[in-house]
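Working notes for the structure below.
The values are calculated or read from the model by the stated rules, or taken from the named source; none is laboratory data. None of the values given here were measured: they were computed from a predicted structure. Because the Cβ atoms are built from the backbone with ideal geometry, glycine has one as well, and the counts that use them run over all protein chains shown. Ligands, DNA and RNA are stripped out before the accessible areas are found, and what is left, the full protein with its side chains, is counted by its heavy atoms. Shrake-Rupley method; radii C 1.70, N 1.55, O 1.52, S 1.80 Å.
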Amino acid sequence: MNTREYIESGIIETYVLGLASPEEAAELELLCLQFPEIKAALRAFEETLEKNAMANAIPPPPGVKKALLS
């Protein structure tokens, strides 16, 4: 298997975004166990997505927490 081609196919992004079919997800999860470079690419994309989300986060208006808890 050419792991570089698999990683570049877009399946990792599809999986992380929840758009992969059950078959694609199962295949990726199995391949992560077999190929550390695929697992590393998965983790790297997850971290990149999280960092981007945090960098562009918009804080809620003041008082939202109090209103939710009351």
Contact list, first residue from the range 15-35 and of a type outside the set (Lys, Arg), second anywhere and in a loop (DSSP other than H, G, I, E, B) and open to solvent by less than 60 Å² (accessible area, probe 1.4 Å), beta-carbon distance below 7 Å, six or more apart or interchain, is Leu28/Ala20
Item to complete: Tell me, please, whether a residue that is open to solvent by 70 Å² or more (accessible area, probe 1.4 Å), of a type in the set (Gly, Ala, Ser), at negative phi and in a helix (DSSP H, G or I) can be found in the range 35-48.
Response: no
